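Here is the structure we will look at, set down as C-alpha cells.
The values are calculated or read from the model by the stated rules, or taken from the named source; none is laboratory data. Just so you know, these numbers come straight off a predicted model, no measurement behind them. Ideal geometry is used to build each Cβ from the backbone, glycine not excepted, and the neighbour counts take in all protein chains shown.
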C-alpha cells in the first residue's frame, strides 16, 4: 500500500444554530508531482489514476483501520488533483478528530492506494496510471509520511 500526504482540507462543522455537517473536503492527492512516501519510494500519481465511482474509500485516522472515522461521499477528478468530501461519523472518535481539525492540530489527509498499473521512469520514480483507492486518512502533518503538505483551512 502506498500512502501519500499532499493535502489541503476544509472542515465544515456547520454554522452556529445549525446541525453539524461533520464533513471535511479538499485535495486528496495532487497529480503529476513527485512525492516521497514513508518507505522512501518516490511516487507520481497521474490524472485519472484514482476512481471517482464504485465503492467509496473509508476515512481512517492515521492510516489505522481500527480508527474508522467515516467515508468519502464525493470524489472529483480535476487537472490539479483528486478532490474529495468525506462525512465523519457521529462517534466519540469522530468528535475527537473534528475537534482536533477545527483547532488545526490535525491538518492533513493522506491517500492509501494499491497501484494496479504503473511503471518507473529513468530516475526510478513510480508512475501510477491506475490504482485501487482503499482509504483516505486524516492525520497530523508530515512527520510520519514525509511529503509536501499544506495547512488546512477551517470554515
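Screening residue 90 with (1) under 14 Å from the mean Cα position of the chain (by Cα); (2) in contact (Cβ under 8 Å) with a residue 60 or more places away in the chain gives one miss only, at (1). Being at negative phi and surrounded by fewer than 16 Cβ atoms within 10 Å (Cβ to Cβ) is the requirement here; does residue 60 meet it? No: the conditions fail for residue 60. I'd like to verify a number: residues in segment 88-98 that are out of contact with any helix residue (DSSP H, G or I) (no Cβ under 9 Å at 6 or more places or on another chain) and either at positive phi or surrounded by 13 or more Cβ atoms within 10 Å (Cβ to Cβ) (or both), how many? Here the count works out to 7. Pairing residues of segment 100-114 that are on the phi > 0 side of the Ramachandran plot with residues that are outside any loop (DSSP other than H, G, I, E, B), at Cβ distances under 8 Å and at least 6 apart in sequence or on separate chains, gives 104/154. Counting the residues of segment 44-64 that are at pLDDT 95 or above and in a strand (DSSP E or B) gives 5.
Applying the set (1) in a strand (DSSP E or B); (2) closer than 19 Å to residue 21 by Cα to residue 111 leaves exactly one unmet item: (2). One residue stands out in segment 1-23 among those that are touching a helix residue (DSSP H, G or I) at 6+ places or on another chain (Cβ under 9 Å), at pLDDT 55 or above and assigned to a loop (DSSP other than H, G, I, E, B): the one that is nearest to residue 133 (Cα to Cα), namely 22.
Residue 71 fulfils the conditions (1) in a strand (DSSP E or B); (2) in contact (Cβ under 8 Å) with a residue 60 or more places away in the chain except for a single criterion, (2). Checking the stated criteria, residue 26 turns out not to satisfy the condition of being modelled with pLDDT of 95 or more, farther than 18 Å from residue 129 by Cβ and either surrounded by 18 or more Cβ atoms within 10 Å (Cβ to Cβ) or over 10 Å from the mean Cα position of the chain (by Cα) (or both).
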